[in-house]
Amino acid sequence: MRCIADTAPGPIVSPFPSNPPPVTLRGFRPSDVPFIASIVADALHERYDPSLYASLSAEWGDGFLVASDPHDVPIGFLLGVNQVEREARVLMFAVERTHRTQGVGTMLMNEFLVRCKARGFRRVTLEVRVSNATAIRFYTRYQYSVVDLLRSYYSDGENGYQMAVDLN
Ligand SMILES: CC(C)(COP(=O)(O)OP(=O)(O)OC[C@H]1O[C@@H](n2cnc3c(N)ncnc32)[C@H](O)[C@@H]1OP(=O)(O)O)[C@@H](O)C(=O)NCCC(=O)NCCS
């Protein structure tokens, strides 16, 4: 699916006071794929065909946010899709291990929700492993709540929760 120019209006600064180097949010670029694939392998334990990322970006470029370090190297990303009318789904969301708990995930989710609202979406959904307490706590802070139990949803047989938040 698509080519990808930067879509963020400008640098978006972390809401947390930070000693870590500044992080910038921008749109996905094809050259990001190796970095994103590495984050996905480590954080989500998945390996996808590299063409998947460009393909999904072509469908909704603004839904694919990349957080990059001062060298423009991706350190986290949020890939959202729009499969249901006026609804977004967070398909993948991860921050590179050494950059967690520094506000990068918050930057990504904040900007994603702003874009969803600007697009007139009514709801955002996602799936998460029932054992992923860190992510569930993170989502709960954004008022996502569990709407369904997805039995054996993951390839290793683990159950998932579908979570959702209504956008006002
Ligand atoms: C879930 C995930 C994306 C969050 O990314 P992150 O960059 O660590 O997120 P943040 O740093 O913005 O927030 C994490 C926590 O640190 C806190 N925090 C962030 N920066 C902080 C700072 N400077 N000082 C103190 N606390 C801070 C946040 O308040 C937040 O707390 P909470 O989760 O209890 O609400 C990350 O943990 C991850 O990649 N996990 C592995 C992949 C995964 O599980 N993805 C979701 C699959 S559904």
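List of remarks:
- From ASP166, ASP148, residue being away from the ligand (no atom under 16 Å from the Cβ), within 20 Å of GLN83 (Cα to Cα) and outside the structural domain of GLN83 (by TED's automatic domain parsing): ASP166
- Test result for VAL146, in a strand (DSSP E or B), at pLDDT 95 or above, touching a Lys or Arg at 6+ places or on another chain (Cβ under 8 Å) and β-branched (Val, Ile, Thr): no
- Tallying residues that are outside any helix (DSSP H, G or I) and within 13 Å of the ligand (Cβ to nearest atom) within segment 70-99 yields 15.
- Residues that are of a type in the set (A, V, I, L, M, F, W, C) and more than 7 Å from the ligand (Cβ to nearest atom) within segment 108-129 comprise LEU108, MET109, PHE112, LEU113, VAL114, CYS116, ALA118, PHE121, VAL124, listed in sequence order.
- Exclusive hit being outside the structural domain of VAL40 (by TED's automatic domain parsing) and aliphatic (A, V, I, L, M), set ALA88, ALA135: ALA135
- Residue that is surrounded by the fewest Cβ atoms within 10 Å (Cβ to Cβ) [pool: residues in segment 125-143 that are touching a strand residue (DSSP E or B) at 6+ places or on another chain (Cβ under 8 Å) and part of a helix (DSSP H, G or I)]: ILE136
- Matching residues in segment 22-49 - criterion: being touching a helix residue (DSSP H, G or I) at 6+ places or on another chain (Cβ under 7 Å), crowded, with 17+ Cβ neighbours inside 10 Å and not hydrophobic (A, V, I, L, M, F, W, C): GLY27
The values are calculated or read from the model by the stated rules, or taken from the named source; none is laboratory data. Remember, predicted model here, so these are calculated numbers, not experimental data. Glycine gets a Cβ as well: all are built from the backbone with ideal geometry, and neighbour counts include every protein chain shown.
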